[in-house]
1. Hey, among Glu424, Glu401, Glu409, which residue is over 24 Å from the mean Cα position of the chain (by Cα) and under 29 Å from Leu482 (Cα atoms)?
2. Being without any contact (Cβ under 8 Å) to a residue 12 or more places away in the chain and among the charged types (D, E, K, R) is the filter; apply it to segment 267-301 and report the residue that is farthest from Glu508 (Cα to Cα).
3. Can you run down the residue pairs with Cβ atoms below 7 Å, 6 or more apart or on separate chains, where the first is in segment 246-258 and in contact (Cβ under 8 Å) with a residue 12 or more places away in the chain and the partner is β-branched (Val, Ile, Thr)?
4. Looking only at segment 419-448, how many residues end up being open to solvent by less than 10 Å² (accessible area, probe 1.4 Å), touching a strand residue (DSSP E or B) at 6+ places or on another chain (Cβ under 6 Å) and either assigned to a helix (DSSP H, G or I) or of a type outside the set (S, T, N, Q) (or both)?
5. For segment 319-364, enumerate the residues that are closer than 14 Å to Leu405 by Cα and of a type in the set (Ser, Thr, Tyr).
6. Scan segment 449-485 for residues that are farther than 30 Å from Glu289 by Cβ and either surrounded by 14 or more Cβ atoms within 10 Å (Cβ to Cβ) or among the aliphatic types (A, V, I, L, M) (or both) and jot them down.
7. Read through the list (1) surrounded by fewer than 23 Cβ atoms within 10 Å (Cβ to Cβ); (2) among the small types (Gly, Ala, Ser); (3) modelled with pLDDT of 95 or more, then give the number of the only condition that Ser186 fails.
8. Against the definition (open to solvent by 20 Å² or more (accessible area, probe 1.4 Å), under 29 Å from the mean Cα position of the chain (by Cα) and modelled with pLDDT of 85 or more), how does Lys32 come out, yes or no?
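The values are calculated or read from the model by the stated rules, or taken from the named source; none is laboratory data. On a predicted model such as this, the values are computed, not experimentally measured, just so you know. Ideal geometry is used to build each Cβ from the backbone, glycine not excepted, and the neighbour counts take in all protein chains shown. These accessible areas exclude ligands, DNA and RNA; they are computed on the full protein's heavy atoms, side chains included. Shrake-Rupley method; radii C 1.70, N 1.55, O 1.52, S 1.80 Å.
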Amino acid sequence: MLARSAAAGLFCVRRILFPAGSFRNYAGAFQKSSHLKPATSTIDFVKAKLDASTPPTIEEWGTIRKHVLGERRFNNTNVDSTVLGLCPNLGVGKSYITYLQSAGLEINLAIVGKLLRLYRFSDTELNEQDEFDIWRMYNELRERNAVLDANTCEHAINALTLTKHWKHCFELLEMIKITGTPDSSSYNCIATKAFSEADEATGWAMLQEMCEKKRLPNDETFLAWLNYSRRNGQNFRENLERLLQFTHDNAVFLSKRVGKELLSLPKDSGIMAHESRVTDHGKCAHCKESLTSIVVPQESFERLKERFLEAVLISKEIFNKTTPEELGRFQKFLQKTIPYDVVIDGLNVAFSSGNHKNPALYAKQIAAVVRHYVHQKKRVLVIGRQHMDKWRSKDMKYIRENSFLFLTEDLSQDDPFLLYAALESGPHTDFFSRDLMRKHSFLLGDGLGVVFKRWQQEHQYSLLSILPDGRVLIKAPFKHDLYAHKSPSSHRWHVPLVESGYRIPKVEKQSEWLCISVT
């Protein structure tokens, strides 16, 4: 292999890998740079060239590089890190470095960073030479730069956590925090390595910090904890329950991949896991027990209510969402009309079947939902925008006469008004919208994001369809605990599984569950 044969010379000669002054200008500005992404056609072209069983030849690399340079936004400074970022594994990445050296092209900081990250995607098991190369590159980076940029720090963390020098990653983590928040990969790599090295305290500290920073734990970290726990032996049951309780407390889901690992646990582990489903009424198909009902405690609700106004409506971005005058007008409106049984996102309902229809149809759809609740003798608030005032129809007249209506300015965001009104109205008020509300959960922070998700799950309704006779089909919330939880009446855990632990799923009942008996 071209890359392997050149490996020794590739990393031992400092002046070749890091020629004087070759990347100082990249390291000075400590910030996370934006990633240039080639056009889809370019990505497809490069991937097709790299799909062979052996790396490209020198000539083929030249063709690939020239093709990427064909896009105007790429130049001799940024093209090589982009190509390296498209390399599927370490062997191909090293082959490209060899090409750059043979062509006498400069190897800058961005290229070194991308190469370091590729060590996590090695096509063969890393050996002592690989670990030595990682350590050498890292030392040479630090000798030339007192502070590394965030991207390079994250790349280095990915590589260093594959070596015995992994504790140097803590310094890199602090560098990233100077101007930003470390990415999920950095936290997960450190946590995974800590568990593999039996450093429980560090692993759990990383898990907790990443959740506080709104970063997502991944499969590798959870599997590393399970593997460590199985090696440890005596505390396996307690360690598994610690993991499951962590996912519950931080509103995190386990993936089907982790679920498969739990299903394969031996009987002598004291853990019996079974695949199951949960009915819409919250009953487990395997054990026939009902899941725990979700209830946001009054104290938690009050903290959420108090924090929401400051975190979401009154923030550094206040004028991107509303104006002080409009907020004052809305608060006076609430004082006169509270409480409500349900708060409806008018435009969300209006556009539920598309936004290319006429205003008369929009008003008809909102009126149908309002009528549904009026027939149940509910007090209804509809939140809309001022342009709805031009919708002159009998349906708009019905809405005005049978519900409270507040229209925000057209440039304001109406979601915060909807949620604020529901919270101010009290813990029994529901709201009606199909919006996932993720950005508001993120802004709350300080543990209240989890409380918000549970309140949202308990109180959010949405429109499924409107029948020809005007009746509405409504999706009601699943009012049982959506996250892994232990039954108070038994030693069973009910654990929902998602397709991938790398993506945040919707706050809704998952189709696949595990019923786990802990003895």
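1. Details: Glu401 fails: under 29 Å from Leu482 (Cα atoms); Glu409 fails: under 29 Å from Leu482 (Cα atoms).
Just a single option satisfies the conditions, and that option is Glu424.
2. Of everything passing the filter in segment 267-301, Asp268 is farthest from Glu508 (Cα to Cα).
3. Asn250/Val450; Ala251/Val450; Phe253/Thr247; Phe253/Val498; Leu254/Thr247; Leu254/Val495; Ser255/Val498
4. Total satisfying the criteria: 4.
5. Once the filter is applied, which keeps residues that are closer than 14 Å to Leu405 by Cα and of a type in the set (Ser, Thr, Tyr), segment 319-364 yields Thr337, Tyr340.
6. Correct list: Leu463, Ile466, Leu467, Val472.
7. So Ser186 meets the others, but not (1).
8. Working: open to solvent by 20 Å² or more (accessible area, probe 1.4 Å): yes; under 29 Å from the mean Cα position of the chain (by Cα): yes; modelled with pLDDT of 85 or more: no.
Answer is no for this residue.
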